1. Looking at (1) surrounded by 12 or more Cβ atoms within 10 Å (Cβ to Cβ); (2) hydrophobic (A, V, I, L, M, F, W, C); (3) under 24 Å from GLU132 (Cα atoms), can you tell me which one TRP47 breaks?
2. Just checking, how many residues over the stretch 7-62 are among the basic types (Lys, Arg), within 21 Å of the chain's Cα centre (by Cα) and part of a helix (DSSP H, G or I)?
3. So LYS98 passes all but one of these: (1) of a type outside the set (Gly, Ala, Ser); (2) in contact (Cβ under 8 Å) with a residue 60 or more places away in the chain; (3) open to solvent by 10 Å² or more (accessible area, probe 1.4 Å); (4) part of a strand (DSSP E or B). Which condition number does it fail?
4. Open to solvent by 40 Å² or more (accessible area, probe 1.4 Å), modelled with pLDDT under 90, among the aliphatic types (A, V, I, L, M) and over 28 Å from GLY248 (Cα atoms) - does that describe any residue in the stretch 68-90?
5. Among the listed residues ARG42, ARG105, ARG54, ARG34, which satisfies the condition of being touching a Lys or Arg at 6+ places or on another chain (Cβ under 6 Å) and either charged (D, E, K, R) or over 19 Å from VAL216 (Cβ atoms) (or both)?
6. Collect the residues in the stretch 1-22 that are buried (at least 20 other Cβ atoms within 10 Å of the Cβ) and in contact with a Leu (Cβ under 8 Å, 6 or more places away or on another chain), keeping them in residue-number order.
7. Filter the stretch 184-214 down to residues that are within 23 Å of GLY66 (Cα to Cα), of a type outside the set (Val, Ile, Thr) and without any contact (Cβ under 8 Å) to a residue 60 or more places away in the chain, then give me how many there are.
8. Within the set of pairs 6 or more residues apart or between chains, which connect a residue that is within 21 Å of VAL216 (Cβ to Cβ) inside the stretch 118-130 to a residue that is open to solvent by 10 Å² or more (accessible area, probe 1.4 Å) and among the aromatic types (Phe, Trp, Tyr) with Cβ atoms less than 7 Å apart?
Amino acid sequence: MVTILRPDEVQKKYGKMFCKGLYTIVDEKSGKARIIEKCISRGPGEWDIVNRKRTKGVIDNIIMDGNTLVMDVTIGEGELRFGPVSSEMGGQGLKAFKVEGDEVRMTWYGIAGASVGIGACLPQCQDVIRTEYPDDFKIGGGHAAHVDIITPKLVRVVIGVDDTDTKEEGATWATSLAMAQECPIGHFLEHKIIQLNPKTPTKTTNCCSTAVTFAVKEEEVPKLIEFCYDYVKKNSYSTDAVMTVFQGLDIPKPLMDFGWAAKSVMFKVEDAEKVAAENGVQIITVTGTGGIIGAVAAIGCVDIGPKSAGVPEDFE
C-alpha cells in the first residue's frame, strides 16, 4: 500500500523545510528535461550537488546559481551508484524521471540524513502535486528510503523582443523585464539582454534585444504568447516592435550561430526569417518589422551565458 500526501500534509507531518520552488521542464522531442529547485540556503544545495553527481542516476549535469539548483536530466530510468561512502556519509539520487500525461513522476532515493531531503523537503514544495510513500518508508537516521514525487509537466518558452523603443523614449530590456515580472502565466525563469552589432545604422542607442524564458504548462503556451504580445504592443514606443517565440530546452546550433554572428555581421531581414523558419522560431510582428533580426538573434543567444551581453571582441 502507498501513502499519498499533498505538500501541506507533508509540512504538517514533518515541519516546515527549505524548498521554495520545484519546476520540472520537459522537452520530449529531445528526450531531455530540466529540474529547477529553489532553496532558502546555499549549503543544502551544495551538498545535494556533490551527492547527486556521485549517484548519477538520470542526472546528466547539475549547477548552482545563487540558491537555485539547475539539473539537466535524461527522461527515463538509470542506475544509482551511491558508492563506498554511502554507509558513512549518506547519499541522494534521482533514479527515474518519467512523463505521464500532463504530470512528471520523479523517483528519488535517499540514504541516512539525505532521506529527509527527498521525503520531507522536496515533497512540501507548493509546486508538487503529491508524493507517494511506500509502506517501508522511514526518514532520517541510518534508513534508506525512496519516494515518488509528482509535479506538473512544464515546457520552456523563450520570448525574444526587439525594437520597442525610439531614440527618445523607452528601452527594450526594461519593457521585457516588466513584462516578465507582471506575467501571471507560468514561472518567469530568466531575462537576458542581448548585445547586437553596435554599428547597425538603424539602431536606437545601444542596439540590444532581449530574451525572456518561462516555464509553463503546455496548454497555457497560447495564453503566454497572447499576454506578451499585448504587453509589448501596449508598451512599445516604436512602430518596429517584433516578438519571437521558441519552445524547447535545446537551441538549435544554426540559431545559436546566427545569434552570435548578429553581434558583428550586418544581416538582412530575409536572413533572420530563413533561420527562424528552419529552426522552429515563430516571428510575430507587433507594431512593425524592424525588430525581426534582433528578436531572432535573441533566441539564439539566450543560452550562451555572459556572452549574450557582449560582442566577440569582449571575449578574445
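The values are calculated or read from the model by the stated rules, or taken from the named source; none is laboratory data. In this text, all values refer to a predicted model and were calculated from it rather than measured experimentally. No Cβ is skipped: glycine too gets one built from the backbone with ideal geometry, and neighbour counts run over all protein chains shown. To get the accessible areas, we keep the full protein, side chains included, count just its heavy atoms, and leave off ligands, DNA and RNA. Shrake-Rupley method; radii C 1.70, N 1.55, O 1.52, S 1.80 Å.
1. Evaluating TRP47 over (1) surrounded by 12 or more Cβ atoms within 10 Å (Cβ to Cβ); (2) hydrophobic (A, V, I, L, M, F, W, C); (3) under 24 Å from GLU132 (Cα atoms) leaves (3) as the failure.
2. Residues in the stretch 7-62 being among the basic types (Lys, Arg), within 21 Å of the chain's Cα centre (by Cα) and part of a helix (DSSP H, G or I): 3 in total.
3. (2)
4. The answer is yes, given that some residue of the stretch 68-90 is open to solvent by 40 Å² or more (accessible area, probe 1.4 Å), modelled with pLDDT under 90, among the aliphatic types (A, V, I, L, M) and over 28 Å from GLY248 (Cα atoms).
5. Numbers: ARG42 fails: touching a Lys or Arg at 6+ places or on another chain (Cβ under 6 Å); ARG54 fails: touching a Lys or Arg at 6+ places or on another chain (Cβ under 6 Å); ARG34 fails: touching a Lys or Arg at 6+ places or on another chain (Cβ under 6 Å).
Criteria check complete, one pass: ARG105.
6. CYS19, LEU22
7. Keep residues of the stretch 184-214 that are within 23 Å of GLY66 (Cα to Cα), which gives 186-194, 210-214.
Add one more test, that the residue is of a type outside the set (Val, Ile, Thr), and what stays is 186-192, 211, 214.
Those still in the list that are without any contact (Cβ under 8 Å) to a residue 60 or more places away in the chain too: 186, 188, 191, 214.
The qualifying residues number 4.
8. Pairs found: ASP127/TYR23.
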